[in-house]
Amino acid sequence: MPSITFSSSTMPNEVTLEYVPDGSTTVLDLARLESLPIYWHCGLGTCGTCAARVTVLSGVERGMGNKERNVLIRFDKPAEVRPGDANWRLLCGYLLTGETLRVEW
């Protein structure tokens with residue numbers, strides 16, 4: 001089963017959660033359901049507050065759309081996807097489709 005490991009200096013320990021891909025749940029949705037301390041504001045991919053580093057541990061590395069790229073650039077975050085690296089992504093728009101991920105903020 002796919003999972004996400006959440007890691008942050010605002011949490012005492014890493015948290016790993018398994019999930020069932022349903023085509024509509026985002027990384028931010030899952031984190032909020034578990035009351036993880038990820039800061040977010042709009043949930044629409046425009047404010048950039050939910051930006052975090054996402055590493056794909058298994059599964060397909062996903063490209064980035066123009067909207068996400070523009071928001072990341074506005075906040076001086078790298079806006080390119082490098083396979084195998086911890087890439088800055090907007091968690092509110094990152095749909096869970098079966099990858100195993102590591103999310104750091």
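Nothing in this text is a laboratory measurement; each read-out follows from the coordinates by a stated rule. Not measured: the values here are computed from a predicted model. Note: ideal-geometry Cβ built from the backbone for every residue, glycine included; neighbour counts use all protein chains shown.
Things worth noting here:
- Dipole axis of the chain (+1 Lys, Arg; -1 Asp, Glu on Cβ), positive-most option in Ala31, Met64, Val54: Met64
- Debye intensity ratio I(q)/I(0), log10, the range 1-83, q values 0.12, 0.21, 0.27 Å⁻¹ (C-alpha model): -0.39, -1.26, -1.55
- Summing Lys and Arg as +1 and Asp and Glu as -1 over all other residues whose Cβ lies under 15 Å from the Cβ of Tyr19 gives a net charge of -3.
- Label-to-label distance, nm, for residues given as Asp76 and Leu95 (7 Å Cα→Cβ offset): 3.4 nm
- Estimated 222 nm signal from helices in the chain, with DSSP H stretches of n ≥ 4 weighted -39500 (n - 2.57), rounded to 500: -4000 deg cm²/dmol
- Förster-model FRET efficiency, 35 Å R0, Arg69 and Glu18, C-beta, rounded to 0.05: 0.70
- Charging the Cβ of each Asp and Glu at -1 and of each Lys and Arg at +1, and nothing else, the dipole of the chain about its Cα centre rounds to 360 debye.
- Computed packing ranks the peptides 7-18, 46-57 as 46-57, 7-18, most packed first, by mean other Cβ atoms within 10 Å.
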